[in-house]
1. Rounded to the nearest 20 Debye, what is the dipole magnitude of the range 326-397 about its Cα centre when Lys and Arg each give +1 and Asp and Glu each give -1 at the C-beta?
2. What is the extension gain from Thr281 to Asp331, computed as 0.36 nm multiplied by their sequence separation minus the C-alpha to C-alpha distance, in nm to one decimal?
3. May I ask you to compute the full-extension gain from Val170 to Ala215, defined as 0.36 nm times their residue separation minus their alpha-carbon distance, rounded to one decimal in nm?
4. Can you tell me the accessible area per residue over the chain, all protein chains present, probe 1.4 angstrom, in square angstrom?
5. Could you work out the relative contact order of the range 116-262, using alpha carbon pairs under 8 angstrom and six or more residues apart, expressed as a whole percent?
6. Carbon and sulfur together cover what percent of the accessible area of the chain at a 1.4 Å probe radius?
7. Using a 1.4 angstrom probe with every protein chain in place, what is the largest-first accessible-area order of Met499, Met526, Met37?
8. Taking the Cα atoms only, what angle lies between the long axis of helix 18-54 and the longest principal axis of the chain, rounded to 10 degrees?
Amino acid sequence: MSSRPADLLIARAVRRGGPWLAALTATALLGAAADLMLPAALGRAVDAVVRTQARDGAGPEAGFGLTGPLTTAALLVALVVACDALGVLAAGVSGARAAQWLRSRVVAHTLSVGAGMTRHFTAGEIVTRAGVNVEEAGRTPEAVVTAATLIIPAAGSVVALALIDPWLAVTLVAGLLLIVAVLRAFMRRTTAASGGYQQAQGEIAAMLVGALAGARTITAAGTEDLEAARVLAPLPRLRAHGLALWRLQARAGVQAAVVIPLLEIAVLAVGGLRLSAGGLTVGELLAAARYVVLGAGLGSALGYAARIARARSAALRLEQLFAVPPPAYGDRPLPPGPGTLELRDVTVRADGVRLLSGVSLVVPGGTCTAVVGRSGSGKSSLAAVAGRLVDPERGTVLLDGVPLREIGREPLRRAVGYAFERPALFGDTLGEAVAFGLAARDDAGKRSEDTARSVDAVRSVDTARSEDAVRAAAGAARADAFIRRLPLGYATPAGEAPMSGGEIQRVGLARAFAQAGRLLILDDAMSSLDTVTERQVGRALTGSLSDRTRLVVAHRVTTAAQADQVVWLDNGRVRATGTHERLWDDPGYRAVFRAEEAS
């Protein structure tokens, strides 16, 4: 991947420093200018002292002649100190603002891509890039501004030395060219080594996240040592890249440490010869010595160059996230309809593996369709494309005659509700977990209401509607009773509610029931329910929820038997469709459920 997008991202992040970036730039420039003027002020003060001591009978007026140069030098020193202090503050704030902007972009883009992002990167990789790599890229403003302002003293020193004596300027330029060559080589090699280091970091994080997800299994199997070795397998590469970075920095540091003193000695030697020949004064030689130190200060850009190199490699990793495109939505509204779902020659592929192949079927509006098949037959892939969690590689999915790609995001998400095997409960309380996503629906619906109503009246009506919808959905999912038994009821913090796996699934079902406008998709969302609860939820699917189209990934005979029709998948293809009673005559169909029960 080209580094140009990463450099553009860094440039945009630097600009997000806002006023603090301007303050950082101003203090850096002012400090550099003060540094540049200080040697001349000190030189004039020394020359004034020499002239005063050379006079016969120097009196009080001699001290008066020193006051101006010394005061100027003192003021310049105070200005340098103040600029340094303000620069530290401005660097911290501008870096934090840049990191905030980058992290907001990464999180927003990752969530907008959705499930498609995890097809390219593991959860650990995404977290590492949104965390460590964002912080590294966020330090760019200070590194860029400080490194850039180091050019001012270097260039100014060349000009100042040229005014004092051209031979001094020629000597300094020769040394600066060597320093620039060292910096360029260091930047190029450090960027590559930093990328390898960050890649190894991401791999360790990815495997650690996976290990934490299966921590109970690891403990039960007693394989902690084996898993620790697996998670830390990239550690030798991490160490190798880290050592490479240190070696690069040490080599460049040694080169700079050799070049800079030699440069200072060369300039002082030339200056000494010019002084002995009467071409320089003592003050000018002192000023020249200070200017060569300022010019050689370009070598201190080594540390900032290392930061910029790490920031570039980090930005490159962030750009790899941004390169995954989010799904594009159309602007067509959904026409009135019963929620008829149609798949036309749909093929889904992931990582080169075909999950669905040429699937065509129709789910009539207002009906319940069960999707059955052995493990790996493509049931979850069918559920994912049905509500456009993923897009098919080929084929079209339509809802009430409109292709899902052409529907706007808001109308599509208002129309489709999902429940999963392991639901994630968002929101501070159980009530908010069930109502999660309803706010967007209420806001969209509110736009069409009478705008003359007061905001408080609208909020009270919306709150009442939301609470009614939450309780009705929880009742259909058989979650209302156990939620009410909790001391705080629906106000119970979601993270503190003592719930079993089946109860968590019921909260997830309630959320889907509350959200689904015309299409409800259950992807193995009742696997943890006991038989009695599953039948009760099944009766709700065929009763109070029968005004919506229901697509249910089923593993149990009872769920398939309650459906209006069954779609039987086998190796990513539709093997048969029909009622459960008709398909039950096929031994292969009966074997599907025996296999599921055995697993």
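1. That gives a dipole near 180 debye.
2. 10.2 nm
3. Result for the pair: 9.5 nm of gain on full extension.
4. Spelled out: the 1.4 Å probe surface of the chain, per residue, equals 48 Å².
5. That works out to 34 percent.
6. For the chain, the apolar C and S fraction of the accessible surface comes to 61 percent.
7. Descending accessible area places them as Met37, Met499, Met526.
8. Around 10 degrees separate the two axes.
The values are calculated or read from the model by the stated rules, or taken from the named source; none is laboratory data. Since we're looking at a predicted model, the values are computed, not measured. Glycine gets a Cβ as well: all are built from the backbone with ideal geometry, and neighbour counts include every protein chain shown. Heads up: the accessible areas ignore ligands, DNA and RNA and are worked out on the full protein's heavy atoms, side chains in. Shrake-Rupley method; radii C 1.70, N 1.55, O 1.52, S 1.80 Å.
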